[in-house]
Amino acid sequence: MEKIKAVAASPGVGLGRVVVYVEPDLNFGGLVYSGREKEIARLELAVTAFKEQITLLAAETEAKAGKQQAAILTGQIAMISDPFMITQMEELIGQGRTAEAAVSEVTTSFKEMFANVEDEKMRQRATDIGDLRKRLLMILMEVKELDLASIGPDSVVVGEDLPASVITSLPTANIQALVSEIGGYTSHGAIMARALGLPLVSGVTGLMKLITTGDHEIIVDGTKGEAIVDPDENAKTEYRLRREAWREEQSSLKVFLGRQTVDGDGVRRTLSSNISSFAEAKLAQGAGADGIGLFRTEFLFLDRETLPGEEEQFRVYSEVASLFPNSEVVIRTLDVGGDKEVPALDLPKEDNPFLGYRAIRFCLDHTEIFSSQLRAILRAGAEHGNIKIMLPLVTSLEEITSARALMKQCLDDLKRENLPCDPAIQLGIMVETPAAVLLADILAKEADFFSIGTNDLTQYILAADRGNSKLGHLNSPFHPAVLRAIENIIKTGRKRSIPVSLCGEAGADPMMIPLLMAYGLDKFSVSPSSLASVRREISTWRLTEANSLANEVRDFPTTGSVKAHLLQVIENRRKLRTIA
Amino acid sequence: MLTENVTALNETGVHMRPAQILVTKLAPLDATVTVKHDGKSVNAKSIMMLMAACIKKGHDLEVVCEGPDEAKAMGLMEDFFKGVMDEE
């Protein structure tokens, strides 16, 4: 038995058989040429198999992630149907290359050709051709990527890296949990795991060495951040108890899915969701979110070699907006830099990335990228008029006025081009820097709404890097300074008559919820997997109760004293409810 | 050899589906078909080359067809750039 402590990346517990996910090895250097005829026949078979595979996958993808994602796949069938490309491959085979080498060389040269064209939209085809190359080689070399869809019941998928694309392809019902060697709480994969409700422990160094051979069982506690390889009977018993508690909790939450959010007084409250993809937007819709409070668009830009263009963004934003025709969808403009690297932008490393060249600072300097995003958003807003734009990391009034001027220019251009757009779109800001908190009354004159980003706000107010595990005790939104900042922003928003929402992780914390209600927050926005628990929590609080709790802790001097008091009150209320 | 100057009328440029339709129709013809645009020439019997040429509405192009089926090929090319196959 081996117990490993690592990052609690997605809550929940699971026990199962280990299924190892490995990136396929596509090194064909050692393969032997089997003659022209045979190699060409192999190529033909591979192309046929490719078309069948993609047709199936496209149908599945359309059902899971929408038409746009499926079209990317069917486009690959058109590409492989290019007789010129096949002829080139056959010519190389004629010169003594294996089918693998021919496929690799020809697709790579096409990929480079597309990567260098001026048209932004065409440039994106490079990524598709890279994908096509990988699939064709896998078929030729009979390299089986672990057939994710056929993973059996009670499995725990373990891998060096588990990218979001892999996690979305898993048969969720059969998966107990996930473990990965690399990645952290905010990695793309972790966000997807939380969205799908799969427990994940990541950052488990040395994991793959432990499980290289034979059959293993593993316990994964994504709430605590713990994995136990080859657990003994005691550990399993303890696990079963924990799993029971977790399951009970989950099933008691089921009744809070897909219904309206109402507080203890019976007053309707707005509870929206934070997402970064169409797949998550679907989950949020299913759980009954009142629209999207934060669409993190940077995830459209990560994990790829070229930037998404206006058209691609337009389609994604439109698809998400169409899921919520009667509520708001707040799209945050590109928030890159800091911990989010974008290979396609090739930004230089900085000594202090969180205090560096990122988010709105980067966008205002790169108006070509920023305009294409603004145009895509303005166009997507035309259909339902339900989209709002939100700027990240604002520290000064000029940032809002500059962005607004650029937005105005985009609107004028779109009108001239006769493209439908939403001229009345609202432009708001994230309040996540101390500067924005202190200037809230001034910023409120230019911003149509505020959204509090507690993750960054906490680290900036407390000067404590949120990724530094030695500072974990400092980095709390319950620090009195952070609570005061949150209350001030909300009060300022009320005074200036602009709505204030909160879209940080803290909004899902049962101890924070009554405080936010008391401060007068207009809208909660949490991850799709937290919607039900937050809805339940809100339903238990009457405004007078929340107010008196907020008054009790208002002058508490330390994080410790605030949390201790909130915890005690909440525990007592739970006990009372259980008795009742 | 036939040479024609045509203007691309395809509403949103050359797309994958219409390119695939064109190339399928050109494939059985005994003729080389070249599109010259912006100083580059591309083989029109290739979906990928057609797309990578980034042809947009309003671009002026030179189409060259050569071989026994050149007239038929030219007819298809003219239809293509009129946007006829965009609808199919």
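The values are calculated or read from the model by the stated rules, or taken from the named source; none is laboratory data. Everything numeric in this text was worked out from a predicted model, so none of it was measured. Cβ coordinates were reconstructed from backbone atoms using ideal geometry, including for glycine residues, and neighbour counts include every protein chain displayed.
Only one of the listed residues (A:R269, A:R296) is over 27 Å from A:P171 (Cβ atoms) and not assigned by TED's automatic domain parsing to the domain that holds A:V13. That residue is A:R269. Test A:M430 against the stated conditions and say whether it is aliphatic (A, V, I, L, M), out of contact with any helix residue (DSSP H, G or I) (no Cβ under 7 Å at 6 or more places or on another chain) and either touching a residue at least 12 places away in the same chain (Cβ under 8 Å) or within 26 Å of A:T492 (Cβ to Cβ) (or both). Yes: the conditions hold for A:M430. If you filter the stretch A:549-563 down to residues that are surrounded by 13 or more Cβ atoms within 10 Å (Cβ to Cβ) and out of contact with any Pro (no Cβ under 8 Å at 6 or more places or on another chain), you find that the one that is nearest to A:F478 (Cα to Cα) is A:K563.
If only residues of the stretch B:1-19 that are of a type in the set (G, A, S) and at negative phi are counted, the one that is farthest from the other protein chains (Cβ to nearest Cβ) is B:A8.
You will find that of A:P308, A:P231, the residue that is surrounded by 15 or more Cβ atoms within 10 Å (Cβ to Cβ) and closer than 30 Å to A:A6 by Cβ is A:P231 and no other. In the set B:L22, B:L26, which member is under 30 Å from A:N418 (Cβ atoms) and within 13 Å of chain A (Cβ to nearest Cβ)? That would be B:L22, the only listed residue that is under 30 Å from A:N418 (Cβ atoms) and within 13 Å of chain A (Cβ to nearest Cβ). Of the residues in the stretch A:112-124, at least one is crowded, with 16+ Cβ neighbours inside 10 Å, of a type in the set (S, T, N, Q) and within 14 Å of another protein chain (Cβ to nearest Cβ). For the stretch A:73-83, the condition holds for no residue, the condition being that it is surrounded by fewer than 17 Cβ atoms within 10 Å (Cβ to Cβ), over 40 Å from the mean Cα position of the chain (by Cα) and under 22 Å from B:N43 (Cβ atoms). The C-beta contact set for the stretch A:558-571 (first residue in contact (Cβ under 8 Å) with a residue 40 or more places away in the chain, second residue assigned to a helix (DSSP H, G or I), distance under 6 angstrom, 6+ apart or interchain) comprises A:V562/A:V553. Being in contact with a Gly (Cβ under 9 Å, 6 or more places away or on another chain), surrounded by fewer than 24 Cβ atoms within 10 Å (Cβ to Cβ) and charged (D, E, K, R) is the requirement here; does A:E181 meet it? So A:E181 fits the description; yes. Candidates in the stretch B:29-57 are the residues that are within 10 Å of chain A (Cβ to nearest Cβ) and assigned to a loop (DSSP other than H, G, I, E, B); of these, the one that is farthest from A:E118 (Cα to Cα) is B:K45.
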